[in-house]
Amino acid sequence: MSFQPNSPAARDVAYFLHPYTNAKAHEEQGPMIIERGEGVYVYDDAGKPYIEAMAGLWCASLGFSESRLVKAATDQMNKLPYYHTFAHKAHLPGIDLAERLIKLAPVPMSKVFFCGSGSEANDTAIKLVWYYNNARGRHAKKKFISRMKGYHGVTIASASLTGTPVNHPGFDLPLAGFKHTSNPHYYRFGQEGETEEQFATRMANDLEQMILDEGPETVAAFIAEPIMGAGGVIVPPKTYYEKVQAVLKKYDVLMIADEVICGFGRTGNFWGCETMGIKPDILTCAKALSSSYLPISAVMISDDVYQPIAQASADLGVLGHGYTYSAHPVCAAVALETLKIYEERDIVGHVQAVSPHFQKRLHALIDHPLIGETRGRGLIGAVEIVADKATKKPFDPKAGAGALVNKAATEHGLIVRAIGDNIAFTPPLIINDSQIDELFDKMVKALDDGQAALQKAKAA
Ligand SMILES: Cc1ncc(COP(=O)(O)O)c(C=O)c1O
């Protein structure tokens, strides 16, 4: 494709290396330029509206035009646009936000460490666990177990936790000491005749076997998203976490909940941990913490984890970890205002009110010939496209079924996310019933178009 000289598209192709993008394909097709947002909609540079059924990257919880967040940022910019929190320095937005998060935590937590992204939060969790075990004299207890298709970020260590297919090849990852246990997706990995309960037991047994194979004295922590997001929105069976946590307890392995997507109401409770019955020792969160208007993330640690860390920092002279932007005051002020809005508008109550309709429309997609499974909780959901419903046979990846549906959705003014042949939906939490109808009406059209394109390609 040729781009108009010096147009935004031409300049994008000339200068911008895009994350999670096929760079060569991008040179040909150029960018989709989003110019502005309003509520649950964004508009491209031609003025075409799209219902943003992914809230960006599972994150713009309050939609794309919350003026109170703009004001909170502006006010803080005018007062103190930057200060750090190293070496005993502090500022009120950071202090207030730390206190607020500890009070909101799903289990008693002791301290908050602030970072700039979900990846940094998980990297920090890894480092704090290593520091903690060194402080306790358990120098061999350093390995991490995550799950295949789990997503925890892209920095070197967090990418090592991540278990999705594109994050290791070409990058010399994962690092040693990062293991991936079974994915608790019953539809895909449940065996013939196996009940969900039996499947959950097998998943916990797999984890236990991995801990035993590695040596329990070498395994430090297990990390999980309460509901897996980027791996395809996987809701584990009911008793999965109960069984998993029993295994972790048995071998003194810490439980880290990655609430980067699930936190702040997404699953119908304030935390995914509450929805899924998880009692974490460490919790990481980001994204909806500030409705993603500014980058900020947090790691919460229990007092049992904090105390040895505090002692080690005294013994070593300093906790040698921190970011220039840890608790950035403008980001913290926006996060505080976000949390205030969640409370004042009862965002969790709103999610509980609209999610039955969202889930009803989501699950109704099972009637479409392309859909093999629908799954979700609260305002997160996904459908899985299959070539044969009865056998669950997927399409040949070369057919690009998910990409075709994704493209058709975009044409209909709907932004979704294709994860292979899974299509995910995580709209802003402020979505209402009629917008949910609009979303799924467009999705049905996209599936019809996708099916027609697949049939056409097969006939050709
Ligand atoms: C569950 C989870 N953890 C961590 C991350 C990484 O966050 P970031 O992209 O802010 O580094 C993501 C990003 O999507 C995520 O979904």
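Each of ILE380, ALA53, SER297 was placed along the dipole of the chain (beta-carbon charges, centred on the mean Cα), and the one lying farthest toward the positive end is SER297. Taking packing as the residue-averaged number of other Cβ atoms within 10 angstrom, the listed peptides 357-364, 292-299, 199-206 run from highest to lowest as 292-299, 199-206, 357-364.
Each Lys or Arg adds one and each Asp or Glu takes one away; over the other residues whose Cβ falls under 15 Å from the Cβ of LEU175, this sums to +1.
Exposure check, 1.4 Å probe, all protein chains in place: PHE178 carries approximately 10 Å² of accessible surface. Restricting the calculation to Cα atoms, every distinct pair contributes to the Kirkwood radius of the stretch 1-104, found to be 17.4 Å. For the set THR267, THR21, the ranking by accessible area, highest first and with no ligand, DNA or RNA atoms included, is THR21, THR267 under a 1.4 Å probe. The Cα trace of the stretch 263-421 gives Rg and Dmax of 21.0, 64 Å, the first to one decimal, the second as a whole number.
Of all lysines in the structure, the ones whose alpha carbon falls short of 26 Å from that of LYS243, not counting any fewer than 8 places away in one chain, are LYS141, LYS142, LYS143, LYS149, LYS179, LYS279.
If you place +1 on the Cβ of every Lys and Arg, -1 on the Cβ of every Asp and Glu, and leave all else neutral, what size is the dipole of the stretch 27-80 about its Cα centre, to the nearest 20 Debye?
Approximately 420 debye in magnitude.
Accessible area of ASP172 (1.4 Å probe, protein heavy atoms only, ligands and nucleic acids ignored): about 140 Å². The stretch between ALA457 and ILE156, if pulled fully straight at 0.36 nm per residue, gains 104.4 nm over its current Cα-Cα span. Between VAL416, LEU439, VAL405, the Cα set farthest toward the positive side of the dipole of the stretch 387-460 (charges on each charged residue's Cβ, about the Cα centre) is that of VAL405. As I understand it, the dipole of the chain uses +1 on the Cβ of Lys and Arg and -1 on the Cβ of Asp and Glu, about the Cα centre. Which of PRO169, PRO184, THR218 lies farthest toward its positive end? Sorting the options by dipole projection puts first THR218.
Ordering of 433-439, 155-161 by packing is 155-161, 433-439, highest average first (other Cβ atoms within 10 Å, averaged per residue). According to the calculation over all Cα-Cα pairs in the stretch 121-280, the P(r) per 5 Å bin from zero is 2, 9, 18, 22, 22, 16, 7, 2, 0, 0 %. Here's the picture: a label point sits 7 Å out from the Cα of GLU197 along the beta-carbon direction, and within the stretch 238-258 the residues with their amide nitrogen under 13 Å of it are 238-240.
Surface calculation, 1.4 Å probe, protein heavy atoms: GLU411 sits at approximately 110 Å² accessible. P(r) tail for the chain, what percent of Cα pairs lie past 29 Å? That tail contains 50 percent of the Cα-Cα pairs.
Inter-part distance, the stretch 18-40 to the stretch 186-259, computed on C-alpha centroids, equals 36 Å. With a ≥ b ≥ c the root eigenvalues of the C-alpha gyration tensor of the stretch 335-420, is it rounded (a/c under 1.5), prolate (a/b larger than b/c) or oblate? Prolate shape, in that a/c is at least 1.5 and a/b is the bigger ratio. Computed over the stretch 190-332, the P(r) tail beyond 18 angstrom holds 65 percent of alpha carbon pairs. Take the Cα of LEU319, step 7 Å toward its Cβ, do the same at ALA90, and the gap between the two points is 1.2 nm. Projected onto their three principal axes, the Cα atoms of the stretch 266-338 cover extents of 42, 33, 14 Å, largest first. Rounded to the nearest 20, the size of the Cβ-charge dipole of the chain about its Cα centre is 440 debye, with Lys and Arg at +1 and Asp and Glu at -1. With R₀ set to 30 Å, the beta-carbon distance separating ASN432 from HIS18 gives a calculated FRET efficiency near 0.40.
Solvent-accessible surface of protein heavy atoms, probed at 1.4 angstrom with all chains present, puts ILE415, ILE126 in the order ILE415, ILE126, largest first.
Taking the 1.4 Å solvent-accessible surface of the chain as the whole, the part contributed by carbon and sulfur is 56%. Taking all protein chains together and a 1.4 Å probe, the residues PHE64, PHE86, PHE114, PHE171 rank PHE171, PHE86, PHE64, PHE114 from largest to smallest accessible area.
Mind putting a number on the dipole of the stretch 211-347 about its Cα centre? Charges go on the C-beta only, +1 for Lys and Arg and -1 for Asp and Glu, and I need it in Debye to the nearest 20.
360
The values are calculated or read from the model by the stated rules, or taken from the named source; none is laboratory data. Bear in mind the structure is a predicted one, so any value in this text is a computation, not a measurement. Using ideal geometry, Cβ is built from the backbone for each residue, glycine included, and neighbour counts are taken over all protein chains shown. Side chains are part of the model used for accessible areas, which takes the heavy atoms of the whole protein and leaves out ligands, DNA and RNA. Shrake-Rupley method; radii C 1.70, N 1.55, O 1.52, S 1.80 Å.
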